[in-house]
1. Provide K198, K347 in ascending order of the number of other Cβ atoms located within 10 Å of each residue's Cβ, fewest first.
2. Provide the per-residue ³J(HN,Hα) series for the range 386-393, in order, calculated from phi with Karplus coefficients 6.51, -1.76, 1.60 and θ = phi - 60°, each as a whole number of Hz, with x at glycine and proline positions.
3. When averaged across all projection directions, what area in nm² does the alpha-carbon convex hull of the range 6-163 cover?
4. Quick one: helix 239-251 against the long Cα principal axis of the chain, what's the angle to the nearest 10°, folded into 0 to 90?
5. With a 10 Å radius around each residue's Cβ, average the other Cβ atoms per peptide and rank 214-220, 264-270, highest first.
6. Please give the helix 190-199 orientation as an angle from the longest Cα principal axis of the chain, in degrees from 0 to 90, rounded to the nearest 10.
7. How far is it, in nm, from the label point at L257 to the one at E243 when both lie 7 Å from their Cα along the line to the Cβ?
8. Under 13 Å from the Cβ of T342, count the other residues' Cβ atoms, weight Lys and Arg +1, Asp and Glu -1, and hand me the total.
Amino acid sequence: MTLAVEVRRARSEEAPLVVSILREAAVWLEQRGVPLWSDGELAPETIRHDVDEGHYLLAFSGELAVGTARLALEDALFWPEAAADEAAYLHRLAVRRSSAGGVVSAAILDWALAHAAGLGRRFLRLDCDAERPELRALYERCGFAFHSELTVGPYFVARYQKATSGNAFKGRAEHSAEYFGSTRDHWWNREFLELIAKRWRFEAVREVLDVGCGVGHWGMLLATVMPVGTRVTGVDREPQWVEQATARARAGGRGGLFSFRPGEAERLPFADDSFDLTTCQTVLIHLPDPARAISEMLRVTRPGGLVVVAEPNNLAESLLLDSVTHRASIDELVELVRFQLTCERGKLALGEGDNSLGNRVAGLFVSQGLERVEVYVNDKATAIFPPYETEEQRQFSEEARDRVARRFWNWSEADTRRFFLAGGGAEHAFDAHFARGLAARERIVGGLDDRSYHGIHGGGFYLVAGRKGPT
Ligand SMILES: C[S@@+](CC[C@H](N)C(=O)[O-])C[C@H]1O[C@@H](n2cnc3c(N)ncnc32)[C@H](O)[C@@H]1O
């Protein structure tokens, strides 16, 4: 059962609760030989003062206060070089041992991130003892990127930050730049990937190839369910993404096990039988000849190794009946589907791939000679409902608003027109179709604004695996 956690600012009378959670954490750390806070730092008068000033948060599971943290708007000690107003800073994150496990910490971090965003700060930052790998891993799992290490007096800390904004790459010319926003960090349930790792015996994997790696989202995520020490090589057609992926891996402290290089899925720059697992995510949907890429992935995989791909049916999303579309007329819905399908057919005709290839990947695997082909559906559902407080819901809202503001439908207006015409759509009909598509997105944003919007997104995203037979 998932723990329901509510986070809010601590009230003045709750200062003793804050003190007791911090003390419990301090005693636990001391018993483990990693003392962190001195008694002076946890003096009730100081904490009461900070609680009165609104600096402390409390996390509740039902009636029970289970976690706390201190949120500040400046931190000259651990971030002396930071510009004023660019970040909020989280300290003293502490969770009761009875609620340990990461859920409470994640809820506190989500709340603090949303709060920092609301204040117009670009980052939420924190620091922790650089010698505590589990704590560092927890922050990384929550999407914090390693920034740097620093010695401050007796403390040797690792500094982390998470951007409060959505997509650092939007508007760039490279392939898929519009789709590398932070919503991409929420595509998979970790437990599902752990289950997949067991089902497909990832314990035997040491060398992974991530084809069409982009800025590294998929390879970095998969690595978290691979054996420690697994090496991940990424290859992408865009040199800029290779550079970005390299920088992101380094910033996340993963530099040593990750390497990225330019290359094409249809001509992989590797010898036969090089990898235990060859994979890609949302790449085959962009290729004119996905069978050729699968055959290349098979070639570079060692005998007995795995080819694993994650590819969607994107058209399925256009029949999503959320709080907005369930009221639309049948004609309007059918026109929206017709528009998207026409564009998808055009994209395919232009040699830019079939956006809804997902349903046919297993058949392509078999035709390319893969054995023991198995398919699962990604079990992630993105549930959006008021008051949109989770980080994922916040990112969804932000992306929806940003795209409407930039008249970005599923693609930019220029790309949509190109695809529509190539798919057999008539030039004179385009504006009306595009306006209908945008209006549907605007209604979602309107619903987010007045807190009436709700819907469940997801489904139609397949994970397909096959093995290379012995030679
Ligand atoms: C939608 S992105 C997916 C990125 C990454 N797999 C992920 O899930 O985060 C598609 C990626 O495929 C790359 N790509 C497109 N065509 C390619 C090709 N023929 N060979 C190699 N990479 C390609 C693009 O540059 C882009 O980075």
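Just so it is clear, none of the values below were taken in a lab; they were calculated from the coordinates. Treat the numbers as computed from the prediction; the structure is a model and nothing was measured. Cβ placement follows ideal geometry from the backbone for every residue including glycine, while neighbour counts extend to all protein chains displayed.
1. So the ranking, lowest neighbour count to highest, is K198, K347.
2. Using θ = phi - 60°, the values come out as x, x, 6, 9, 6, 4, 4, 5 Hz.
3. Values: hull surface 35.0 nm².
Orientation-averaged projected area of the Cα hull: 8.8 nm².
4. 20
5. 214-220, 264-270
6. 60
7. Reported label-point gap for L257 and E243 is 2.7 nm.
8. So the environment of T342 carries a net charge of +3.
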